[in-house]
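Throughout, read-outs are computed from the coordinates displayed, never taken from laboratory work. Note that the coordinates shown come from a computational prediction; the quantities given were computed from them, not determined experimentally. Here the Cβ is made from the backbone with ideal geometry for all residues, glycine too, and neighbour counts use every protein chain on show.
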């Protein structure tokens, strides 16, 4: 059995841990407001741009003349998985949920005989994926020194993807991230970005006829790379909000668990101390009666 001094040290250490987790929860809560506002502000632009590109792409009938980012390579053999995770841990199942979705996709593709390549954006995803898929990881992009994710960071990732596509390194690219829903709910999401998959419009609705200047092919050639950067930027913002929400929940649970542990340790300490006092009194009384 541990001594009373060891129990006091253990209780003090648990209280110190509780203070740290409480402080981390408060910091995550303050960061969550800004991250959530940024993620929600980026959604309408990204969704509208995707819808506009979908309308323009639906008018292109000759895929041979379409930009490569729209038509793809025409093959489905080599897949690039862009896995976006956080640079830090202590955020509950946030990173693991994204990696789990990516792992399921990797196993599904390999079972179909496809070749898989992985581009990790974020250190935590790389640390988990390298255990089983180290040979599939082609590059790791870390955002460790970035305080607030900006569009320049998304453009860097998008340029990397486009460069690899133009060099013929893959046929299909899929983006993995966590979509923010609430503090306690983050949804792991897989989005195919090359060739892009646009939502089909309702054929029963009345569609206006547009004339484009310049033509559709030139517009798509200009907007598709930018749309890729916008979708990556949206994924990074969604990840930032999801990470803070998951960290806030995880630290709240850790603070509650520390409180329960402190109560149990204090009860054990008091009982042990009372037992030692009772034992000493019995020894004193027994010695006095022996005399």
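For this structure, a couple of remarks:
- Take every Cα pair under 8 Å whose residues are at least 6 apart in sequence, average their separation, divide by the length of the chain, and the relative contact order is 32 percent.
- Angle in degrees between helix 151-166 and the longest Cα principal axis of the chain, rounded to the nearest 10: 60 degrees
- For the pair the stretch 1-42 / the stretch 101-144, the C-alpha centres are spaced 31 Å from each other.
- The convex hull of the Cα atoms of the stretch 1-150, projected and averaged over all directions, covers 14.5 nm².
- Computed over the stretch 70-160, the quotient of the alpha carbon radius of gyration and 2.2 N^0.38 Å is 1.15.
- Helix content alone sets the calculated 222 nm mean residue ellipticity of the chain: runs of n ≥ 4 DSSP H residues at -39500 (n - 2.57) each, divided across all residues, give -22000 deg cm²/dmol.
- Nearest-ten-degree value, helix 94-111 long axis tilted from longest Cα axis of the chain: 50 degrees
- Packing around the peptides 80-88, 46-54, 270-278, taken as the average count of other Cβ atoms within 10 Å per residue, puts them in this order, highest first: 80-88, 46-54, 270-278.
- Along each principal axis, taking the top coordinate minus the bottom one, the Cα set of the stretch 120-170 gives 31, 28, 9 Å in descending order.
- Cα coordinate range in the chain, projected on the principal axes (Å, largest first): 112, 39, 38
- Acute angle (nearest 10 degrees) that the helix 123-133 long axis makes with the longest principal axis of the chain, alpha-carbon atoms: 80 degrees
- Pairwise centroid distance, computed over Cα atoms, of the stretch 183-197 with the stretch 247-291, Å: 50 Å
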